[in-house]
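The values are calculated or read from the model by the stated rules, or taken from the named source; none is laboratory data. Source: prediction; values computed, not measured. Ideal geometry is used to build each Cβ from the backbone, glycine not excepted, and the neighbour counts take in all protein chains shown.
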Amino acid sequence: MLGTVLCLFVTAAAPISTMPVDPHSLPITSDLAKTLRGHVEYLAGPKLQGRKPGTAGNREAAAYLETQFHAAGLQPLASLGGYRQPLAEDLGDNLLGMRPASESGPTDGWLIVGAHYDHLGGSYLGADDNASAAAILIETARSLPPLQHHHILFAAFNAEEPPYIRTPQMGSQYFTDHLPSEIGSLANVQAVVIMDLMGGVHWEPLKETIFAAGAEKSPGLYRRLKEAASREAKPLTPDASPLTILPVGLHLIEQIPFIGQVAFSDYDAFRNRAVPFLLLSSGRTPRYHQPTDLPDTLHYERMAVTVEWLQHLLRAVEEDREPYRFEADRVEFADDVASVRPLVARAATEETTIPGTSFLSLWKLRRDRQWLEGLDPTAPTPNDVTRLERVSIRLQCLLADFTGCFLM
């Protein structure tokens, strides 16, 4: 009898045969995509040995970013005497470069675009995490002209990976705790855009998608995000598909079953100080924090379109002269449902389900699909919010190929 039960369990947990996207099949034809690949190949190459804070490879990555900031025409902050903001002596530096507003006289403050550049070290080279975002940061800095009313700071943060994340040693936390005098106060920061995991590709329905989380905490920033997301971001090559920006609530990412709220990137340092922020990410794949996270596994043409789209968003935010409000508990539930519902519908269909999905997970996804089809998103109950968080975490678990996703 026990053998029969175990056989049934193994069968239910066995994966369904669907194929992941092969990143080697994705063309890299635009000049910008080729340039982005060059940045990633250097930062995530074997010479830098994974860019672990405090190592020679981390210092070489910082030197590379310093060179790129200078080539992009960014100005160092006078209070720092250069592009570097030193952290603890055994960790290394943040890299900060500014492009002043073109308007002479008083400005409306600062916009910050940031991404961490460190990784785990050793055989973990971190192409997607987070050389992909560092590359986009460099090319956005290179191509974005001065804004009229806001200074813009490009920040490559160090020490984001464990054990530094969510500690005072995390580079972005150190930045907010030791703000350069040019900025003065975080009240002078209109908005922060943080990028993390920007190049990964695994599931066909998400091949041209970037998730955008956290802006819902600030109505003005969220309005600009929705406007920018509705604008078709055309690819740079005729054979590619347009970029999709998918707004999701941060609670759908952070609320982990049986654990509670867990922050996952540099946005946390700003969120905790009530600074309006946006997190951009293509999400985890099975290569997350694995030695297989290598430069030849990224979607460079999508990264290139993201550079163009991000410039559009920053120019739109620039038009808002009044400071954005920050409402820590604000949720856009109807938009959350609109983003999650079609993904669940695809994931619950055997022909398009996420690679590696077990029959047990598929059964739960089909229950989720049925629930979402009957849900009124305009009048959610606390149980509805909690269940949608569970659905979102289940999808993320499957996309990263974690074990036990059917338990979520």
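Checking L36 against (1) in a helix (DSSP H, G or I); (2) surrounded by fewer than 21 Cβ atoms within 10 Å (Cβ to Cβ), which test does it fail?
(2)
What number of residues in the range 376-408 are free of Cβ contacts under 8 Å to residues at least 60 places away in the same chain and within 11 Å of V340 (Cα to Cα)?
Residues flagged as free of Cβ contacts under 8 Å to residues at least 60 places away in the same chain and within 11 Å of V340 (Cα to Cα) within the range 376-408 amount to 2.
Can you tell me which of L80, L74, L48 is more than 19 Å from Y164 (Cα to Cα) and touching an Asp or Glu at 6+ places or on another chain (Cβ under 6 Å)?
Numbers: L80 fails: touching an Asp or Glu at 6+ places or on another chain (Cβ under 6 Å); L74 fails: touching an Asp or Glu at 6+ places or on another chain (Cβ under 6 Å).
None of the other options fit; the residue is L48.
What's the number of the condition S339 fails, among (1) outside the structural domain of I165 (by TED's automatic domain parsing); (2) among the polar types (S, T, N, Q); (3) in a loop (DSSP other than H, G, I, E, B)?
(3)
If the requirement is being touching a helix residue (DSSP H, G or I) at 6+ places or on another chain (Cβ under 8 Å), outside the structural domain of P342 (by TED's automatic domain parsing) and either closer than 30 Å to E89 by Cβ or at pLDDT below 95 (or both), which of these qualifies: I256, I245, I210?
I256
Quick one: Q311 ticks every box in (1) more than 18 Å from the chain's Cα centre (by Cα); (2) in the same structural domain as S241 (by TED's automatic domain parsing); (3) not hydroxyl-bearing (S, T, Y) except a single one, so which number is it?
(1)
Any idea which of A263, A191, A213 is surrounded by fewer than 21 Cβ atoms within 10 Å (Cβ to Cβ) and small (G, A, S)?
A263
Just to be sure before I move on: is Y300 in contact with a strand residue (DSSP E or B) (Cβ under 7 Å, 6 or more places away or on another chain) and surrounded by 15 or more Cβ atoms within 10 Å (Cβ to Cβ) in the structure I sent?
Working: in contact with a strand residue (DSSP E or B) (Cβ under 7 Å, 6 or more places away or on another chain): no; surrounded by 15 or more Cβ atoms within 10 Å (Cβ to Cβ): yes.
Criteria not met by Y300.
Need the failing condition index for M98 against (1) over 20 Å from the mean Cα position of the chain (by Cα); (2) in a loop (DSSP other than H, G, I, E, B), just the number.
If we test M98 against (1) over 20 Å from the mean Cα position of the chain (by Cα); (2) in a loop (DSSP other than H, G, I, E, B), just (2) comes out false.
Report yes if some residue within the range 275-295 is in a helix (DSSP H, G or I) and either under 18 Å from A127 (Cα atoms) or aromatic (F, W, Y) (or both); otherwise report no.
Taking the range 275-295 and keeping what is in a helix (DSSP H, G or I), we get 295.
After this cut, where a residue has to be either under 18 Å from A127 (Cα atoms) or aromatic (F, W, Y) (or both) as well, the list is 295.
Yes, the range 275-295 contains at least one residue that is in a helix (DSSP H, G or I) and either under 18 Å from A127 (Cα atoms) or aromatic (F, W, Y) (or both).
Can you run down the residue pairs with Cβ atoms below 6 Å, 6 or more apart or on separate chains, where the first is in the range 106-126 and in the same structural domain as A62 (by TED's automatic domain parsing) and touching a residue at least 12 places away in the same chain (Cβ under 8 Å) and the partner is part of a strand (DSSP E or B) and of a type in the set (F, W, Y)?
V113/F154; G114/F157; H116/F157
Can you tell me which residue in the range 354-402 is farthest from T285 (Cα to Cα), limited to those that are among the aromatic types (F, W, Y) and not in a loop (DSSP other than H, G, I, E, B)?
Of everything passing the filter in the range 354-402, W371 is farthest from T285 (Cα to Cα).
Just the residues that are of a type in the set (A, V, I, L, M, F, W, C), more than 17 Å from G122 (Cα to Cα) and out of contact with any helix residue (DSSP H, G or I) (no Cβ under 7 Å at 6 or more places or on another chain), please, taken from the range 72-96. Steps first, answer last, please.
Filtering the range 72-96 for residues of a type in the set (A, V, I, L, M, F, W, C) gives 72, 74, 77-78, 80, 87-88, 91, 95-96.
Filter once more, so that each one left must be more than 17 Å from G122 (Cα to Cα): 72, 74, 77-78, 80, 87-88, 95-96.
Hits for the range 72-96 are L77, A78, L80, A88, L96.
If you scan the range 51-63, which residues turn out to be surrounded by fewer than 23 Cβ atoms within 10 Å (Cβ to Cβ) and either free of Cβ contacts under 8 Å to residues at least 24 places away in the same chain or at positive phi (or both)?
G54, A56, E60, A63, listed by residue number.
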